[in-house]
Every structure is written in structure tokens, then in C-alpha cells.
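These notes are about the structure you will find just below.
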Amino acid sequence: QVQLVESGGGLVQTGGSLRLSCVPSRSIFSIYAMGWYRQAPGKQRELVADITSRGSTNYAASVKGRFTISRDDAINTVYLQMNSLKPEDTAVYYCNAELTIAHYYWGQGTQVTVSS
């Protein structure tokens, strides 16, 4: 199993930036992939970005060029740097760990609100 601790959400104006952090309870190298998902009110949860243990990244089209997923192996942390934020980015953001293929674990979620 994996426990995930998220931090970094908050309120920001349009065009602003936030950085989300996620710390798993086991080594990042033992996890197949980690990612960030988001869920806005009345909408389904959607993938924002993910990164594999080998460092390959994948982004939703709506955030490509604005968001960057990365990891710091030394402190076992995955980040989501969010720049040029828009009101439509408002959602609860969840850290996700795919321990092995199709075995997922979730963080508690952190609220991101972008005001217009």
C-alpha cells in the first residue's frame, strides 16, 4: 500500500501560480507511476499529468505548456507546478500513485481555486 500526503493548494488570481507537492509513504522508485488528477464540481475526475518511475511525463491537453510535473528523488516528492492559472483550473486536485499497473492509491485532495 501507499499513503500520499498532499500540500500546496489555495486561492490564486487568474494568471497566478501554485505548486502542489505529494509525498508517498514509500520510495518513488518502487511506484510504477505518479500523477495528479482533478475534479471540478459536477464533473468527472480527470488526469492532469503523470510521471513514470523512468521519468516519462504525460499531460492533459488543457494544461500542456502551463503545468509541469516533476519529482525530487532526494526528498521523495512529486510536484505539480501550475502557471498561468485560469478559472477553469479550479478543482480539487488529487495525488495518485499507480503502485503497479492498474493498482491505484489516492491522496486526500487539495483545493485549488482560481479567481477571475
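Criterion first (modelled with pLDDT under 95 and of a type outside the set (D, E, K, R)) does PHE67 satisfy it?
No.
When you check ASN96 against the structure, is it out of contact with any helix residue (DSSP H, G or I) (no Cβ under 9 Å at 6 or more places or on another chain), surrounded by fewer than 18 Cβ atoms within 10 Å (Cβ to Cβ) and within 16 Å of GLY35 (Cβ to Cβ), yes or no? Quick ask: steps written out before the conclusion?
Working: out of contact with any helix residue (DSSP H, G or I) (no Cβ under 9 Å at 6 or more places or on another chain): yes; surrounded by fewer than 18 Cβ atoms within 10 Å (Cβ to Cβ): no; within 16 Å of GLY35 (Cβ to Cβ): yes.
Judged against the criteria, ASN96 is not a match.
In the range 56-71, is there at least one residue being under 19 Å from GLY8 (Cα atoms), polar (S, T, N, Q) and surrounded by 13 or more Cβ atoms within 10 Å (Cβ to Cβ)?
Start the filter on the range 56-71 by keeping residues that are under 19 Å from GLY8 (Cα atoms), which leaves 63, 66-71.
Those still in the list that are polar (S, T, N, Q) too: 68, 70.
In the following step, the residues that additionally are surrounded by 13 or more Cβ atoms within 10 Å (Cβ to Cβ) were identified as 68, 70.
Looking for residues that are under 19 Å from GLY8 (Cα atoms), polar (S, T, N, Q) and surrounded by 13 or more Cβ atoms within 10 Å (Cβ to Cβ), one finds at least one in the range 56-71, hence yes.
Which condition does THR90 not pass, out of (1) closer than 20 Å to THR57 by Cβ; (2) among the hydroxyl-bearing types (Ser, Thr, Tyr); (3) touching a strand residue (DSSP E or B) at 6+ places or on another chain (Cβ under 7 Å), if it passes all the others?
With (1) closer than 20 Å to THR57 by Cβ; (2) among the hydroxyl-bearing types (Ser, Thr, Tyr); (3) touching a strand residue (DSSP E or B) at 6+ places or on another chain (Cβ under 7 Å) applied to THR90, the lone miss is (1).
The values are calculated or read from the model by the stated rules, or taken from the named source; none is laboratory data. From a predicted model like this one, the values you see are computed outputs, not experimental measurements. Note that each Cβ is placed from the backbone with ideal geometry, even for glycine, and that neighbours are counted across all protein chains shown.
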